[in-house]
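Undergrad: Questions regarding the structure given below will be posed in turn.
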Amino acid sequence: MIPNLVADPAGPTLADFGKDPLWISIIKALFIFVFLMLGVLFGVWFERKLISRMQHRYGPNRAGKFGLLQSVADGLKMGLKEDILPRVVDKVVYILAPVIIAVPAFLSYSIIPFGPMVSMFGVRTPLQLTDLPVAVLLVLAMSSIGVYGIVLAGWGSRSPYAVLGGLRSTAQVISYEIAMGLSFVAVFLFAGTLSTSEIVAKQASGGTWSLGGLDIPLPSWYAILLIPSFLIYVITMLGETNRVPFDLPEGEGELVAGYHTEYSSSLKFAMFQLAEYVNVFTVSGLAITLFLGGWRAPWPISLWDGANTGWWPMLWFFVKLVLVFAFFIWVRASLPRIRYDQLMAFGWKVLIPLNLAWILLVATVRALQNARSEQPGSVPVVLVIAAIVVIGALAIYFRFDTVNQRRREAKAAEVAADMELLDAEPTAGGFPVPALDLPHYHGVNGRKEVPSGTN
Amino acid sequence: MGGHGSREPETGWSTVNEYFASYAVVAALLAAGVAVFAGALLASRLLRPDRPTPEKLTTYECGVDPVGEGWAQSQIRYYVYTYLYVVFAVDAVFLFPWATVFAAPGFGMTTLVEMFVFLAFIGLGILYAWRKRVLTWT
């Protein structure tokens with residue numbers, strides 16, 4: 001290793017990892033823990049403050065200046081108050097579940113790149129705890145393990161609400177995880193790697209796309225280049241973290257608090273809360289890394305030569321993280337919760353098929369690009385394949401559309417016939433109905449009698 | 001454990017060590033995480049009051065006495081979704097290595113056509129589940 005204090009603008013690659021002395025690794029791991037813990041404490045404060053501003057309220061403003069210490073006070077209270085262990089719960093599973101959900105949430109952050117190579121106490125090291133050839137897969141794996149925490153919390157509580165909430169939440173998270181995994185494929189097609197540091201490096205410069213002798217410069221962020229993937233990812237990251245508008249597991253009108261109903265506000269509940277927010281930070285960090293250029297400075301700042309060197313990129317990463325988190329809060333303030341059947345239908349019938357079709361399209365375009373430069377003879381083959389795919393997809397779509405249309409018309413005709421029958425004979429549906437010809441009264445003191453059939 | 005790999009000459013073993021050092025950090029973070037949370041639970045157990053009464057320890061059912069044994073029966077639909085998840089998540093993971101080598105030289109048209117066939121099978125799977133009304137929530 002050559003002690004080189006000038007940071008490499010191209011950023012670290014996979015070969016730069018796994019060489020840190022132990023104490024550097026410990027510093028980085030400690031930093032991730034502290035960063036995420038403080039992030040949750042002030043993230044909760046930030047969310048409450050921002051959402052109350054959006055709703056014309058003040059939000060927390062008692063504990064500390066601007067209510068900054070509100071979450072600290074809440075956390076302390078949760079650690080020190082009595083913890084109720086209901087009599088019927090499965091004790092081992094019940095206590096294990098919050099740990100199973102909280103620990104993997106932290107692990108995902110080990111592969112999120114915060115910055116390029118820096119000199120840390122004289123050791124040249126990347127600002128990222130570790131990187132793997134399968135780094136993005138690690139995040140997906142960790143979120144799958146987190147699902148175990150949800151299932152076990154619901155099952156171990158032995159309460160109907162908790163079981164239902166656990167099942168619902170699990171079905172939702174795993175459904176959206178498939179769409180999430182598929183939305184990464186287009187990124188891997190362009191980056192050619194699963195390693196997060198190299199994906200960030202690939203977004204440094206866009207390259208060009210030669211179309212009929214014309215060189216079109218491609219944008220460098222995958223969010224712009226692969227905008228359908230990015231939009232699908234944004235939707236799935238809301239579903240994956242159980243946030244509004246997909247916060248069905250916490251549909252308090254239906255399920256009390258879902259899988260953590262039996263965890264009264266104790267430290268165990270705090271761990272669920274912590275895991276939820278850390279997961280939000282993880283999917284935000286992944287969005288930044290895979291789609292929004294990672295720690296690299298956005299355009300006006302990147303004109304400055306020093307923008308992507310040294311410790312500055314940590315600032316850009318942090319600003320991007322705050323902005324993505326603010327987007328989560330904005331969505332929460334704007335959108336209502338959607339219905340559960342709509343949620344599942346959207347995930348399986350819209351997101352996944354759309355994703356598959358988009359992957360095929362991206363792969364074809366990529367193959368076309370490669371074919372142009374390598375084997376010009378195969379261009380017609382690719383075009384034929386693309387035509388077959390487009391025609392096939394359209395045929396399937398129209399077939400489904402006609403069937404659905406026919407079904408909808410039949411349903412409407414059925415309902416209309418029913419309504420007609422019930423109009424003529426109100427008791428025909430088999431339900432007891434009030435006598436429809438009874439008079440009723442209007443006004444407070446007028447007692448004005450209104451005949452039946454009018455309002 | 002991570003430190004000495006880089007100073008040795010590049011032999012096969014040091015490469016393997018470096019490779020696993022990346023994973024060792026993840027394992028170490030896992031151990032640290034378990035220790036932190038288990039420690040927090042233990043500390044809270046030592047510090048908090050504990051005065052249980054029979055009423056406090058009942059299952060929450062919106063203020064009325066709990067009915068039944070606790071575990072409510074649920075629809076089989078969730079189980080079917082779990083199967084679908086296993087099938088499609090594994091399929092999605094198969095796409096990852098393909099996506100990384102796709103543009104490499106030597107993987108020409110054949111790779112593309114193979115993946116089209118593979119994705120067609122996945123698409124058929126979704127259509128089958130759709131047709132069987134597994135995806136419909138009534």
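The values are calculated or read from the model by the stated rules, or taken from the named source; none is laboratory data. Computed from a predicted model, the values in this text were never measured in an experiment. Note that we place each Cβ from the backbone using ideal geometry, even for glycine, and neighbour counts take in every protein chain shown.
Undergrad: Out of segment A:18-55, which residues are charged (D, E, K, R) and crowded, with 19+ Cβ neighbours inside 10 Å?
TA: Residues satisfying the conditions are A:K19, A:D20, A:K28, A:E47, A:K49.
Undergrad: Looking at segment A:238-279, which of the residues that are part of a loop (DSSP other than H, G, I, E, B) and either of a type in the set (V, I, T) or touching a strand residue (DSSP E or B) at 6+ places or on another chain (Cβ under 9 Å) (or both) is farthest from A:V93 (Cα to Cα)? Even if it seems obvious, please write down each step before you answer.
TA: As a first pass, look at segment A:238-279 and keep what is part of a loop (DSSP other than H, G, I, E, B): A:241-247, A:251, A:256-257, A:261-266.
Those still in the list that are either of a type in the set (V, I, T) or touching a strand residue (DSSP E or B) at 6+ places or on another chain (Cβ under 9 Å) (or both) too: A:241, A:244, A:256, A:261.
Details: A:T241: 22, A:V244: 28, A:V256: 21, A:T261: 15 Å.
Residue satisfying both the conditions and the ranking: A:V244.
Undergrad: Follow-up. Hey, among B:V16, B:V67, B:V25, which residue is more than 8 Å from chain A (Cβ to nearest Cβ), part of a helix (DSSP H, G or I) and either at pLDDT below 80 or more than 18 Å from A:Y94 (Cα to Cα) (or both)?
TA: Unique residue meeting the criteria: B:V16.
Undergrad: When only residues in segment A:143-182 that are among the polar types (S, T, N, Q) and at the interface with chain B (Cβ under 10 Å from one of its Cβ atoms) count, which is surrounded by the most Cβ atoms within 10 Å (Cβ to Cβ)?
TA: Our first condition is that a residue be among the polar types (S, T, N, Q); within segment A:143-182, this holds for A:143-144, A:157, A:159, A:169-170, A:172, A:175.
Those still in the list that are at the interface with chain B (Cβ under 10 Å from one of its Cβ atoms) too: A:144, A:157, A:159, A:170, A:172, A:175.
Details: A:S144: 15, A:S157: 29, A:S159: 26, A:T170: 21, A:Q172: 24, A:S175: 25.
Ranking the candidates gives A:S157 first.
Undergrad: Which residue, of A:V139, A:V151, is closer than 20 Å to B:A99 by Cβ and assigned to a helix (DSSP H, G or I)?
TA: Criteria check complete, one pass: A:V139.
For every residue, the table says whether it meets (1) closer than 23 Å to A:F46 by Cα; (2) in a helix (DSSP H, G or I).
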{"position": "A:V331", "(1), (2)": "yes, yes"}
{"position": "A:R337", "(1), (2)": "yes, no"}
{"position": "A:L343", "(1), (2)": "no, yes"}
{"position": "A:I359", "(1), (2)": "no, yes"}
{"position": "A:L383", "(1), (2)": "no, yes"}
{"position": "A:A386", "(1), (2)": "no, yes"}
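Undergrad: Follow-up question, since we're still on this one. Considering only segment B:39-51, state which residues are facing chain A (nearest Cβ under 7 Å) and out of contact with any Asp or Glu (no Cβ under 8 Å at 6 or more places or on another chain).
TA: Narrowing segment B:39-51 to residues facing chain A (nearest Cβ under 7 Å): B:40-41, B:44, B:47-51.
Once the filter is applied, which keeps residues that are facing chain A (nearest Cβ under 7 Å) and out of contact with any Asp or Glu (no Cβ under 8 Å at 6 or more places or on another chain), segment B:39-51 yields B:A40, B:L41, B:L47.
Undergrad: Pick from segment A:17-56 the residues that are β-branched (V, I, T) and over 30 Å from B:Y23 (Cβ atoms): which of them is nearest to the other protein chains (Cβ to nearest Cβ)? Steps first, please.
TA: Start the filter on segment A:17-56 by keeping residues that are β-branched (V, I, T), which leaves A:24, A:26-27, A:32, A:34, A:40, A:44, A:51.
Going one step further and asking which of them are over 30 Å from B:Y23 (Cβ atoms), we end up with A:44, A:51.
Numbers: A:V44: 17, A:I51: 27 Å.
Applying the filter and picking the extreme gives A:V44.
Undergrad: Looking at (1) at the interface with chain A (Cβ under 7 Å from one of its Cβ atoms); (2) over 28 Å from A:L189 (Cα atoms); (3) in contact with a helix residue (DSSP H, G or I) (Cβ under 9 Å, 6 or more places away or on another chain); (4) of a type outside the set (S, T, N, Q), which is the only condition B:E61 fails?
TA: Here B:E61 clears every test but (1).
Undergrad: Would you mind stating whether A:V319 is of a type in the set (A, V, I, L, M, F, W, C) and without any contact (Cβ under 8 Å) to a residue 12 or more places away in the chain?
TA: Here the answer is yes, as A:V319 does meet what is asked.
Undergrad: Taking segment A:57-85 on its own, how many of its residues are in a helix (DSSP H, G or I) and in contact with a Leu (Cβ under 8 Å, 6 or more places away or on another chain)?
TA: Counting residues in segment A:57-85 that are in a helix (DSSP H, G or I) and in contact with a Leu (Cβ under 8 Å, 6 or more places away or on another chain) gives 6.
Undergrad: So, in segment B:46-61, exactly how many residues are assigned to a loop (DSSP other than H, G, I, E, B) and exposed (fewer than 10 other Cβ atoms within 10 Å of the Cβ)?
TA: The number of residues fulfilling the criteria is 6.
Undergrad: Taking the condition of being of a type in the set (G, A, S) and more than 23 Å from A:S157 (Cα to Cα), how many residues in segment B:25-67 meet it?
TA: Adding up the residues that qualify gives 6.
Undergrad: Continuing with the same structure: Can you pull out the residues in segment A:324-336 that are out of contact with any Ser or Thr (no Cβ under 9 Å at 6 or more places or on another chain) and surrounded by fewer than 17 Cβ atoms within 10 Å (Cβ to Cβ)?
TA: A:A326, A:W330, A:V331, A:A333, A:S334, A:L335, A:P336
Undergrad: Quick check: is even one residue across segment A:40-54 in a loop (DSSP other than H, G, I, E, B) and modelled with pLDDT of 85 or more?
TA: Within segment A:40-54, not a single residue is in a loop (DSSP other than H, G, I, E, B) and modelled with pLDDT of 85 or more.
Undergrad: Against the condition within 20 Å of A:L368 (Cα to Cα), touching a residue at least 12 places away in the same chain (Cβ under 8 Å) and either more than 7 Å from chain A (Cβ to nearest Cβ) or outside any helix (DSSP H, G or I) (or both), how does B:W98 come out, does it pass?
TA: Details: within 20 Å of A:L368 (Cα to Cα): yes; touching a residue at least 12 places away in the same chain (Cβ under 8 Å): yes; either more than 7 Å from chain A (Cβ to nearest Cβ) or outside any helix (DSSP H, G or I) (or both): yes.
For B:W98, the condition - within 20 Å of A:L368 (Cα to Cα), touching a residue at least 12 places away in the same chain (Cβ under 8 Å) and either more than 7 Å from chain A (Cβ to nearest Cβ) or outside any helix (DSSP H, G or I) (or both) - is met.
Undergrad: Could you please give the count of residues in segment A:74-99 that are facing chain B (nearest Cβ under 8 Å) and of a type outside the set (A, V, I, L, M, F, W, C)?
TA: Qualifying residue count for the region: 7.
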